[in-house]
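The values are calculated or read from the model by the stated rules, or taken from the named source; none is laboratory data. These numbers were taken from a predicted model, which means no experiment stands behind them. Here the Cβ positions follow ideal geometry from the backbone for every residue, glycine too, while neighbour counts run over all protein chains shown. We work out accessible area using only protein heavy atoms, side chains counted, and drop any ligands, DNA or RNA first. Shrake-Rupley method; radii C 1.70, N 1.55, O 1.52, S 1.80 Å.
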Amino acid sequence: MTLFGIPLEFVLFAATLLGVALLHDHTLYVGLAGLGSISLYKIAVTGFKTGPGLAGFAGHLGHEWVTIANLFCLLMGFALLSRHFEKSHVPVLLPKYLPDDWKGGFVMLVMVFVLSSFLDNIAAALIGGAMAHQLFRAKVHIGFLAAIVAASNAGGSGSVVGDTTTTMLWIAGVSPVQVFEAYAAAGVALLVTGVVAAKQQHAHSPILKTSHAHTRADWLRVGIVALILISAMVTNVVVNTRFTHLADAFPFLGVAVWVALLVTVKIRRPDWEIMPETAKGSVFLLSLVLCASMMPVEQLPAASAMTTLQLGFVSAVFDNIPLTALAIKQGGYDWGYLAYAVGFGGSMIWFGSSAGVALSNMYPEAKSVVNWLKHGWHVVLAYVVGFAVMSLLITWHPDLPL
């Protein structure tokens, strides 16, 4: 069934995203309603790649459960991680080492970018959010929140261990050097959005420059944060290099994070109180991911530089994991271009990336598409400028189908 030539699944998904944009105080219910309507339509009418009806739906969930479980565990676990980092008092001590004007906010965004290059971008965004909460007395401008998400996604776009999509490319046989080319665009994008957002934040609430002579870092909490992140990174590398045949069978990454959390409970108690609210935001994201997984995305146009540019805008409202999977199957892309587009592109709207959803759980005022675009307009500009610079510096060199 189609509407004006558009498959009805896309129409239902578009209606869900429109509902999220307009009813940002009820995003969970809108997301679940969209998931329910799309699921019922697929069950009753079109079926799934795994078969028709309820059996096909069960098969589809069986195919997607590892991705969903990993993402849920990461969102919940990294929320606790960010609270550990905040309570370590390290963010309180940071003003002593940062410039006290707008450049201090910019340096903080650079730190998030670097963290995301070798850690998960969700963790980098949440650590950035925890820093900002302390540095700016909890008065964080929405434009700066958008820049934190953009910095985390930009930092992960050129590293095969920095983002789920780049890890997918690595598993498929793409060289880390090809993915690394994305930094040609990501670095420029960080400069554009970082300078504007830092000045927005400085005008809204400058860095808190007070003496903390009697404040000491809680190094045990810092150690817990390091253990969790190292566990995630090592698990990610080991599973995707030595046990690729098992990567789709079990949520190793998410479980590794929670094992590290649980073995350190007696050292420092996590803030379990944040779990209910974090769970709501996580379920919302997972509902969109499942909606996206049921879309007939096989009808994308042929690979080209212009198509890749457009995919960046699509990834702002459409989960980038199925987009990346389709691009790998389709072939003919320049993988550095694609990594930047689907990685940074999700920063343009708050629910366009898991990092954005995770940070919005910490700052609920960011859950407004209108305000995100109004105050975070520089992220869209940065995406286009970064892509243009990459086009000038690096010739489009499409790869063969993998």
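Remarks
- For Phe48, the residues 5 or more places off, or on other chains, whose built amide H falls under 5 Å of its own are Gly53.
- Working from Cα pairs under 8 Å separated by at least six residues, relative contact order for region 195-299 is 25 percent.
- Of all accessible heavy-atom area on the chain, the percent that carbon and sulfur account for (1.4 Å): 69
- Taking the Cα atoms of region 70-203, the ratio Rg/Rh between the radius of gyration and the Kirkwood radius comes to 0.99.
- Accessible area in the full protein assembly, largest first, 1.4 Å probe, for His397, His84, His204, His375: His204, His397, His375, His84
- DSSP-loop trypsin sites (Lys or Arg not before Pro) across region 245-344, with at most 11 other Cβ within 10 angstrom: Lys266
- Kirkwood hydrodynamic radius of region 1-55, Cα pairs, Å: 11.9
- Volume per residue for region 122-264 equals 129 cubic angstrom (convex hull of Cα atoms).
- Per-peptide average of other Cβ atoms within 10 Å, ordering 337-343, 382-388, 136-142 highest first: 337-343, 382-388, 136-142
- For the peptides 256-263, 124-131, 356-363, the ranking by packing is 124-131, 356-363, 256-263, with the highest mean count of neighbouring Cβ atoms within 10 Å listed first.
- Relative intensity, log₁₀ I(q)/I(0), of the chain from a Debye sum that treats every alpha carbon as a point, q = 0.07, 0.11, 0.14 Å⁻¹: -0.30, -0.77, -1.27
- Within the same chain, lysines fewer than 8 places from Lys139 are excluded, and of the rest, those with a Cα less than 25 Å from its Cα are Lys87, Lys96, Lys103, Lys199, Lys209, Lys280, Lys367, Lys374.
- Rounded Å value of the spacing that divides the Cα centres of region 99-162 and region 285-347: 24
- Rolling a 1.4 Å probe over the protein heavy atoms gives the chain an accessible area of 41 Å² per residue.
- Estimated FRET transfer efficiency when R0 is 25 angstrom, pair Asp101-Ile394 (beta carbons, to 0.05): 0.15
- Computed over region 223-310, the convex hull of the alpha-carbon atoms projects to a mean area of 9.1 nm².
- Placing a label point 7 Å from the Cα of Asp271 along the Cα-to-Cβ direction, the residues of region 351-386 with a backbone N closer than 20 Å are 355-367.
- Expressed in Å, the radius of gyration and Dmax of the Cα atoms of region 1-108 are 21.6, 62.
- Loop-located chymotrypsin sites (Phe, Trp or Tyr not before Pro) in region 1-56 (DSSP state other than H, G, I, E, B) with a sparse environment of at most 13 neighbouring Cβ atoms within 10 Å: Phe4.
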